[in-house]
Each structure stands twice: as C-alpha cells, then as structure tokens.
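Working notes, structure below.
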Amino acid sequence: MLRRDFITRLGAAAAALPLAARAQETRKLYRVGFLGDSPAVFADAIEAFRRELRDLGWSEGRNIAIEYRWAEGRLERMHELAEELVRLKVDIIVVPSSIYTEVAKRATSTIPIIFMSHAGPIESGHVDSLSRPGGNITGLSVMLPETSVKTMELLKEAVPALSLVAVIWDPATPSHGPGLKAVKAAGPALGLRIQSVPVHSATEYDSGFTTIVGE
C-alpha cells in the first residue's frame, strides 16, 4: 500500500480518537505530536496527512497544531524527542513504524499513539489484538510474521532446490525479531535452513553480505 494511502487512513484514525470527540470545541488548540526520522523522508506523507486533517475539519493554526520532531535516525534522540512531546502534553502522537512506536510507548501510557505502519504490533507487545488493540496504541499492521513465512513458501515453490535462506534484520526494530522467529519456525517444514544476519545500521550491510557469501 502506498504511503499516501497509509496517511489518508491515519488521518481518519486520528479523528476517531479523543480529538474527534472534541471536534466542535474550537477554543482550545489541540496538539498532534509527529515523531519521525526526517522531513525529507516523509514529505509526501506529511502533505497527505495535513490534507486529510483539513478535510476532517482540523485546520492548523485554528483548532490544531502539529508538533514535528525529527530524530535523524538516532535512537537516543528518539527517546529525548518522545519525552519532549509528552512534556508538551500533546493530545496524540503519530509515529511511522515499530521502532518509533516502542520509543513512544516507553514515554507515555496515557497519550494515544498511532503508528502509520507496523510489521508486528501483536508480536512486539504493542497491541493486544488487531480488532481490540487495548491500551493507548493503534494503527495499521502489515503482518510481517505471516507475510515473511509466505515469502519463504513462494521462494521454495519458485526454486525447489533452495535449502538456505539468509535473513538480514535489525535487532533494534521490535517487529524484526518476531518476523525472524516465524521464518525460523517455518523453515524445517519447507526444507530450509535460515541464516540470521543481524545488522544495527546501514554501515553494517557490507559486512552482512560478506557473512552471507562466506556461509
């Protein structure tokens, strides 16, 4: 699904949370915290998000303000910015993925958090279920464990002689662990051996591929 579609739905989801219940109250300027990597990465998403909010009756400067915070990929900075949004007492926090969801969750258990896309919200413990998320977190799931297993099945079907599959993953991303676990569990039944290749940053990809080639 295109990111624009994600944000369009996100605007509707945001309106369904406490903000919507107070949509007729125009005396207070409600605050939306947006915690992301950089404005360059989310330029189209931000524009779609703003447009959908306008369509729902939320106008920046009139009844809503969006507090953007950009971590530039630095994990320690993510925590600082999430805590800053909590101190600002924003009414809702929007995050792009599972790693930002985890950061926001650690910062607050009361402010509603909406993730734009999450690979494994149940497996990472961020929601109780897709139909009843519980707590203060909700959003859109791409169901990484299930889709990863399906990918392995399709690979085996396409290449019957396949016996070894390398999986590059980031231990710092909450949804990657459950995805890897699901693939490893499915491997034996498919006649596949799964090679785990953890990387912690983009600079480790070269060494990761070297490890794969040397296996």
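For the stretch 183-215, name all the residues that are within 24 Å of K105 (Cα to Cα) and in contact with a helix residue (DSSP H, G or I) (Cβ under 6 Å, 6 or more places away or on another chain).
Selection gives V199 alone.
When you scan the stretch 80-89, do you find a residue that is buried (at least 22 other Cβ atoms within 10 Å of the Cβ) and farther than 25 Å from D170 by Cα, even just one?
yes
Determine whether R69 is within 26 Å of A172 (Cα to Cα), in contact with an Asp or Glu (Cβ under 7 Å, 6 or more places away or on another chain), free of Cβ contacts under 8 Å to residues at least 60 places away in the same chain and not small (G, A, S).
yes
For T147, only one of the following conditions fails: (1) closer than 22 Å to T101 by Cβ; (2) modelled with pLDDT of 90 or more. What is its number?
So the condition that T147 fails would be (2).
Using beta carbons and a limit of 6 Å, which pairs, at least six apart or on different chains, have the first residue in the stretch 174-187 and surrounded by fewer than 20 Cβ atoms within 10 Å (Cβ to Cβ) and modelled with pLDDT of 80 or more and the second one not hydrophobic (A, V, I, L, M, F, W, C) and not in a helix (DSSP H, G or I)?
none
Taking E47 as meeting all but one of (1) free of Cβ contacts under 8 Å to residues at least 12 places away in the same chain; (2) surrounded by 13 or more Cβ atoms within 10 Å (Cβ to Cβ); (3) of a type in the set (D, E), write down the number of the exception.
(2)
Restricting attention to the stretch 160-214, report how many residues are among the basic types (K, R) and assigned to a helix (DSSP H, G or I).
Residues flagged as among the basic types (K, R) and assigned to a helix (DSSP H, G or I) within the stretch 160-214 amount to 2.
Taking only the stretch 59-76 into account, find how many residues are within 17 Å of the chain's Cα centre (by Cα) and either surrounded by fewer than 15 Cβ atoms within 10 Å (Cβ to Cβ) or assigned to a strand (DSSP E or B) (or both).
Qualifying residue count, the stretch 59-76: 7.
Kindly provide the set of residues from the stretch 78-133 that are in a strand (DSSP E or B) and in contact (Cβ under 8 Å) with a residue 40 or more places away in the chain, ordered by number.
Listed by number, the residues that qualify are I92, I93, V94, V95, I114, M116, S117, H118.
The values are calculated or read from the model by the stated rules, or taken from the named source; none is laboratory data. Owing to the predicted nature of the structure, the values given are computational and were not obtained by experimental measurement. Every residue, glycine among them, receives a Cβ derived from its backbone with ideal geometry; neighbour counts consider all protein chains shown.
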